[in-house]
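Worksheet: one structure, shown below.
The values are calculated or read from the model by the stated rules, or taken from the named source; none is laboratory data. This is a predicted model, so every value here is computed, not measured. Cβ sites come from the backbone with ideal geometry, for glycine too, and all protein chains shown count toward neighbours.
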Amino acid sequence: MKKFVLAALCAVSLPAIAQAQETAPDGSKAFGIEPYVGVLGGYHSFDRDSEFGSAPGRVKMNGALISGIAGVNVPLGAFFVGAEGNATKGFSDIDWEYGAKGRAGFRAGQSGLLYVSAGYQWVNGRHGFSDQKDWVYGGGIEVGPKDIGLGGISLPAGARLRLQIDTYDFDSIRPMAGVVFHF
């Protein structure tokens, strides 16, 4: 009889526990793999004494950017870890930037993410500025439609607005904003 009661309790309670842990606050899976792609725009401004130096007629290296990103997040309940790569076309003094970084953070609200990141970035200069590579550090936030009062516009883990700021070896500031599509 004890075995029957224990089996009945398990049969009733285990599916409820499993169902409660199947999704995260944004409606996506609480555990698994979430790939994403996105497009960001921004500006990269380097310090005068950065490793890029100065070029004839230019005081410091800087320029507007348009960036394509692709990555994957691994949700861990309310937290996540991930990896991301970028290919970025620059304007003015920056020809191309490309790199890879890891990121970690936590889920906030209905569909948001807060994170920090670190990785390696290659920067190709123009107008006499050299090509360099070094560490990049940063952080950011992603907010989905539910967080800004537009619930129902996309799938639960769909489009999010991203705001991020990075620094190239603490010699620059690189604010970026854009749209990221999780699937």
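Condition test on Asp95, is it modelled with pLDDT of 95 or more, over 17 Å from Tyr36 (Cβ atoms) and of a type outside the set (Phe, Trp, Tyr)? Here the answer is yes, as Asp95 does meet what is asked.
Residue-by-condition table, conditions (1) in a strand (DSSP E or B); (2) of a type in the set (S, T, N, Q); (3) within 16 Å of Glu142 (Cβ to Cβ); (4) in contact (Cβ under 8 Å) with a residue 24 or more places away in the chain:
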residue: Tyr36; (1), (2), (3), (4): yes, no, yes, yes
residue: Phe52; (1), (2), (3), (4): no, no, no, yes
residue: Ala64; (1), (2), (3), (4): yes, no, no, yes
residue: Pro75; (1), (2), (3), (4): yes, no, yes, yes
residue: Glu84; (1), (2), (3), (4): yes, no, yes, yes
residue: Ala87; (1), (2), (3), (4): yes, no, no, no
residue: Trp96; (1), (2), (3), (4): yes, no, no, yes
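The residue list Ile153, Ile141 contains one member that is modelled with pLDDT under 90 and either part of a strand (DSSP E or B) or surrounded by fewer than 20 Cβ atoms within 10 Å (Cβ to Cβ) (or both), which is Ile153. Restricted to the range 98-125, and to residues there that are in contact (Cβ under 8 Å) with a residue 60 or more places away in the chain and under 18 Å from Ile165 (Cα atoms), the residue that is surrounded by the fewest Cβ atoms within 10 Å (Cβ to Cβ) is Gly112. Residues satisfying the criterion are absent from the range 51-61 (criterion: under 17 Å from the mean Cα position of the chain (by Cα) and modelled with pLDDT of 75 or more). When each of Ala78, Ala70 is tested for being surrounded by fewer than 16 Cβ atoms within 10 Å (Cβ to Cβ), farther than 18 Å from Ile173 by Cβ and in contact with a Lys or Arg (Cβ under 7 Å, 6 or more places away or on another chain), the lone residue that passes is Ala78. Only one entry of Ser130, Ser92 meets the criterion of being of a type in the set (S, T, N, Q) and surrounded by 14 or more Cβ atoms within 10 Å (Cβ to Cβ), and that entry is Ser92.
Mind listing whichever residues of the range 98-127 are outside any strand (DSSP E or B) and either farther than 23 Å from Phe181 by Cβ or in contact with a Cys (Cβ under 9 Å, 6 or more places away or on another chain) (or both)? Answer for the range 98-127, where residues must be outside any strand (DSSP E or B) and either farther than 23 Å from Phe181 by Cβ or in contact with a Cys (Cβ under 9 Å, 6 or more places away or on another chain) (or both): Arg126, His127.
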